[in-house]
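Step one of this worksheet: look at the structure below.
Each reported figure results from applying straightforward, stated rules to the coordinates on display, with no laboratory input. The shown structure was predicted, so the numbers you read here are calculated from the model rather than taken from an experiment. When we count neighbours, we look across all protein chains shown, and the Cβ atoms used for this are built from the backbone with ideal geometry, even at glycine.
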Amino acid sequence: MSFASLGLSAPILDAVTAQGYTSPSPIQAKAIPAVLEGRDVMAAAQTGTGKTAGFTLPILEQLSRGQRAGPNQVRALVLTPTRELAAQVADSVATYGKNLPLSSSVVFGGVKINPQMMKLRRGVDVLVATPGRLLDLYSQNAVRFKHLEVLVLDEADRMLDMGFIHDIKKILAVLPKERQTLMFSATFSKEIRALAKGLVRNPVEISVSPPNTTVKSVEQLVHPVDKAKKAGLLIELINENDWQQGLVFTRTKHGANKLTRQLEAANIKAAAIHGNKSQGARTKALANFKKGSIRILVATDIAARGLDIDQLPQVVNFDLPNVPEDYVHRIGRTGRAGATGHAISLVSADEAKQLFDIERLIGNQLTRKLVDGFEPVHDVPASRPGQKSHGARKPKKPKPGHRDGQRSGDAASGHKPPGKNRRHGRGKNPTGRPSGDRTR
Ligand code: AMP
């Protein structure tokens, strides 16, 4: 099958060819015609499937046929959970739309709002946004949705995981009811279906399998170790196994910084990527990691979301996540096509509860392996996956001061994930007032 047969016109086909794509991926083959027909879409697809082009190409095609956006108006809105993903989607929009007379822009928190307001002044055909910053801009009258034609929710499951449901509902309340809605999510859980209910109308449902089936092709191992010896063990593992590229997860930003310093001190090129890092620093770290000048990327869960770095040979859980589902997300990063990925967890005695919760979620007891010289003084108890463990399936708020759990760590410091800024912030809550009047 060719892109031309899907109904895309020459300027877009040229841009696609310039990217070196020869044929549409399965999700593109299904989503592009459906979107061009004006249908709502619910698609189960992960990063790596080509989903971004799956919605971007037909949206650009449709927008190119209509009238350009008026001042402060937006014609297509793409909501993403993280600034990284927002930036990546915006890049794709610019790349695929380079031969079209359409404008696009991206807005997310953590950077100055004024330049974003300026860009919106003349109106943009495609706006990519994280929810919180978008609400800030809306409350300051910088953006209007009267002429919105298409809404895309990208990685809807992650948006819910990250607690954006209220922000999303506020945004939905100010969008025109007559619009096309496309929803992309890695999974379609009960929560996602509930959200979708009032959102998409008679949608075309599309499901494609991820390029690498995660859990099955990932070899998972637990190294019990005392907390104080974790960094030493990680350094030993990197050196012994000569890992050239690995993604290491820590629970906190502080932990990521500290570990990065320890790796650098051991002559291992490393960089941290988390909510306190500027967009520039994150982009640079990712680029250096991809080209190999950094061997180890140390990331918090939230920062790692939306990063275009799957299929790594090695993922390490330096700390176990508080939310067991995050473990599954993390290890899904490893496993190259056709090859087995490796996910190693360094687990100290105080993380037994998290370990049990993970084992209960995945329905498997993880293999423990002691490493010579790093045998723990404080043993990790044997797992009890059958035992009821409270909250295993429910993301819970870490207690204040509890080794600043990733979520609260990011949220408490003033360097929150995009979109959370506004909760304590400057902007007025747009739906603090009757919302309906704002779109009419
Ligand atoms: P995504 O799932 O949207 O994050 O895309 C994953 C990667 O696949 C991106 O690097 C795209 O540039 C690339 N890609 C998207 N569509 C195609 C295609 N039809 N052929 C080859 N590569 C593609």
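When the Karplus curve 6.51 cos²θ - 1.76 cosθ + 1.60 is applied with θ = phi - 60°, which whole-Hz ³J(HN,Hα) does each residue of region 146-156 get, with x for Gly and Pro?
The phi angles translate into 4, 9, 5, 9, 9, 10, 10, 9, 9, 6, 4 Hz.
As an exercise, use a Förster radius of 22 Å and the Cβ-Cβ distance of residue 240 and residue 311 to find the FRET efficiency, rounded to the nearest 0.05.
0.45
By how many nm would the segment from residue 165 to residue 350 lengthen if fully extended, with 0.36 nm per residue of separation less the alpha-carbon distance?
63.4 nm
For region 126-182, what does the alpha-carbon gyration tensor say about shape, rounded, prolate or oblate, given a ≥ b ≥ c as the root eigenvalues, a/c under 1.5 as rounded, and a/b over b/c as prolate?
oblate
Can you tell me the order of 236-244, 74-82 when each peptide is scored by its average per-residue count of other Cβ atoms within 10 angstrom, highest first?
For the peptides 236-244, 74-82, the packing ranking is 74-82, 236-244.
Just want the answer: with Cβ charges of +1 for Lys and Arg and -1 for Asp and Glu, which residue in 33, 56, 23 is farthest toward the dipole's positive end in region 1-76?
Value: 56.
Which pairs, out of 230/253; 229/369; 227/277, put more than 27 Å between their alpha-carbon atoms?
Too far apart for the 27 Å limit: no listed pair.
Taking R0 as 30 Å, what's the FRET efficiency between residue 19 and residue 207 from their Cβ-Cβ distance, rounded to 0.05?
Between residue 19 and residue 207 the formula returns 0.75.
With a ≥ b ≥ c the root eigenvalues of the C-alpha gyration tensor of region 240-340, is it rounded (a/c under 1.5), prolate (a/b larger than b/c) or oblate?
Rounded, because the longest to shortest axis ratio a/c is under 1.5.
Using a/c under 1.5 as the rounded threshold, could you call region 243-294 rounded, prolate or oblate? The axes a ≥ b ≥ c are square roots of the C-alpha gyration tensor eigenvalues, and prolate needs a/b larger than b/c, oblate otherwise.
Oblate, because a/c is 1.5 or more while a/b does not exceed b/c.
Need one number: nm distance between label points at residue 191 and residue 369, each 7 Å from Cα along Cα→Cβ, rounded to one decimal.
Calculated label separation equals 3.3 nm.
Which entries of 51/258; 190/291; 98/284 show an alpha-carbon separation above 32 angstrom in the structure shown?
Long pairs (Cα-Cα over 32 Å): 51/258; 190/291.
Any idea what the dipole of region 73-154 comes to, in debye rounded to 20, about its Cα centre with Lys/Arg Cβ at +1 and Asp/Glu Cβ at -1?
Dipole about the Cα centre, nearest 20: 340 debye.
Mind checking the dipole of region 123-207: about its Cα centre, +1 per Lys or Arg Cβ, -1 per Asp or Glu Cβ, Debye to the nearest 20?
360
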